Amino acid sequence: MIIFRSTFMNINTKKLTLQYCILQGAYWASFCIIYSFATVFLLDRGFRNSQIGVIIAAGNILGVIFQPVFASVVDRSKTVTLHKLTAILAAVMVVLLLLLYGLPNQFLAVALIFLLTDTLLQVIQPLINSVSVYYVNRGVNVDFGAARGIGSLSYALASYLLGGLVENYGCSMILFAGILMVLVICIAVFSMPIIKDAVFPDKEQEMKIEINADRGQSVQEKESLLSFVGRYKYFMLTLAGVTLVFSFHNMNNSYMIQIITNVGGTSADLGRLLAIAAITEIPVMFLFSRIVKHVKSSVLLIISGIFFALKAFGYFAAGNIALMTVAAVMQMGSFALYIPASVYYVNEVMEGQDKFKGQALMTGTNTLGGMIGSLLGGFLIDHAGVAVMNLAGLIMAVSGAVLIALFVSRQKSVI
């Protein structure tokens with residue numbers, strides 16, 4: 001196979017990184033608006049909490065199903081590029097959000113359109129992450145860490161601003177802000193240059209491996225699940241703990257507005273709490289590469305589990321917004337620490353042929369926890385109230401933290 005390369009010396013890497021920061025920032029602002037304020041929007045449209053739980057859980061599941069489907073389109077198509085597909089899916093999201101404006105009382109239509117919007121929101125996340133891989137594998141450096149940090153800042157800013165806008169002008173501001181940010185995604189991805197030259201064979205293979213990793217697919221020979229579980233039994237028990245922790249985490253995030261209003265708070269308080277939690281993530285993300293050099297990833301996962309349990313206790317015991325703010329700060333040691341630590345941990349305990357499978361299982365566990373949290377949280381609020389939901393969250397977080405502490409270090413490291 002003959003590989004041709006055109007020059008990319010004229011690409012301004014600083015400008016490209018700035019464009020990618022805007023792309024990541026717009027995506028995570030959109031995620032905040034559409035996903036984190038989903039309950040606020042759907043409650044305003046007359047949905048019950050249990051119905052909201054079904055919609056959010058279904059969106060998570062469909063997102064996982066369709067992520068590899070759309071990623072394979074980029075792999076196989078000669079005309080649909082990564083940039084073009086991302087922009088097309090974002091444009092479809094804009095259309096769906098516009099349709100929601102015209103369907104204020106159409107229950108089934110609103111449910112279906114919001115479900116599709118949520119699904120596409122999940123689908124384009126790995127595509128946007130892969131944009132950085134696209135450039136790096138073509139010899140152009142893009143600072144993913146800086147861009148992801150901008151994403152957290154954008155999430156925090158969107159949370160803070162949207163909470164006040166919703167309180168003062170109503171839930172229509174959720175749709176307006178969502179349309180605006182998704183349009184920015186379209187513009188940002190279209191403005192980024194396409195490098196039409198092919199890459200060298202070794203880089204081409206490397207790129208395929210990384211894209212498969214994003215999808216959670218292994219290019220290695222598949223083995224039976226029972227054989228895998230037998231070799232990594234402590235890893236699987238750790239995943240059981242992670243499932244419980246993420247059931248609490250997603251339940252807490254999805255129904256935060258009910259937790260806040262239960263103690264006399266408002267949509268503005270929701271925005272402020274989400275912003276505080278997002279801001280606390282940033283130092284951990286920027287410093288994690290240094291932290292992990294001195295503390296083993298398994299220990300960091302144990303610490304993360306403890307912080308999830310402390311966060312759950314904080315929301316369970318909090319009787320006012322001030323105490324909830326303290327609980328929100330626990331995000332620094334819980335979610336923000338877990339995300340990078342889990343990636344490092346899988347890489348350390350998995351054999352080379354199992355690493356992609358391990359990452360896929362870890363991601364799938366997060367999704368499973370999200371589904372359980374969405375469904376259970378909505379059911380408990382409708383039938384037992386917010387206090388019972390918070391108690392259930394505390395029980396799951398503590399149980400999950402205990403399982404992680406018991407088994408995460410018992411899986412032998414291979415590196």
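The values are calculated or read from the model by the stated rules, or taken from the named source; none is laboratory data. Every value quoted in this text rests on a predicted model; they were computed, and no experiment measured them. So basically every Cβ, Gly included, is an ideal-geometry build from the backbone, and we count neighbours across all protein chains shown.
State whether the residues of segment 98-117 include one that is at pLDDT below 90, among the hydrophobic types (A, V, I, L, M, F, W, C), outside any helix (DSSP H, G or I) and farther than 13 Å from Phe47 by Cα. Looking through segment 98-117, at least one residue is at pLDDT below 90, among the hydrophobic types (A, V, I, L, M, F, W, C), outside any helix (DSSP H, G or I) and farther than 13 Å from Phe47 by Cα. All conditions in (1) under 19 Å from Gly53 (Cβ atoms); (2) crowded, with 21+ Cβ neighbours inside 10 Å hold for Leu300, with the sole exception of (1). Residues in segment 348-363 that are assigned to a helix (DSSP H, G or I) and modelled with pLDDT of 80 or more: Glu348, Val349, Met362. Count, please, the residues in segment 57-89 that happen to be more than 21 Å from the chain's Cα centre (by Cα) and among the hydrophobic types (A, V, I, L, M, F, W, C). So the count comes out to 3. Does segment 327-343 include one or more residues that are at pLDDT 90 or above, outside any loop (DSSP other than H, G, I, E, B) and surrounded by fewer than 20 Cβ atoms within 10 Å (Cβ to Cβ)? Yes - at least one qualifying residue is present in segment 327-343.
Here Tyr232, Tyr255 are screened, and the one residue that is aromatic (Phe, Trp, Tyr), under 30 Å from Met332 (Cβ atoms) and modelled with pLDDT of 90 or more is Tyr255. Only residues that are among the polar types (S, T, N, Q) and in contact with a helix residue (DSSP H, G or I) (Cβ under 7 Å, 6 or more places away or on another chain) were counted across segment 82-124, and they come to 4.
In this structure, is Gly364 in contact (Cβ under 8 Å) with a residue 40 or more places away in the chain and crowded, with 21+ Cβ neighbours inside 10 Å? For Gly364, the condition - in contact (Cβ under 8 Å) with a residue 40 or more places away in the chain and crowded, with 21+ Cβ neighbours inside 10 Å - is not met.
Residues that are touching a residue at least 60 places away in the same chain (Cβ under 8 Å) and of a type in the set (A, V, I, L, M, F, W, C) within segment 60-88 comprise Ile61, Leu62, Val64, Ala71, Val74, Ala87, listed in sequence order. Cβ-Cβ distances below 7 Å connect the following pairs, each with a first residue in segment 1-30 that is within 13 Å of Asp143 (Cβ to Cβ), a second residue that is at pLDDT below 80, and a separation of six or more residues or different chains: Thr17/Asp143; Thr17/Ala146; Cys21/Ala146; Gln24/Arg148.
One line per residue, one yes/no per condition, for (1) assigned by TED's automatic domain parsing to the domain that holds Thr81; (2) touching a Phe, Trp or Tyr at 6+ places or on another chain (Cβ under 9 Å); (3) surrounded by 18 or more Cβ atoms within 10 Å (Cβ to Cβ):
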residue	(1), (2), (3)
Ile128	yes, yes, yes
Val131	yes, yes, yes
Val136	yes, yes, no
Ala147	yes, yes, yes
Ser154	yes, yes, yes
Leu162	yes, yes, yes
Gly170	yes, no, no
Met181	yes, yes, yes
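The requirement of being over 20 Å from the mean Cα position of the chain (by Cα) and surrounded by fewer than 18 Cβ atoms within 10 Å (Cβ to Cβ) is not satisfied by Ser267.
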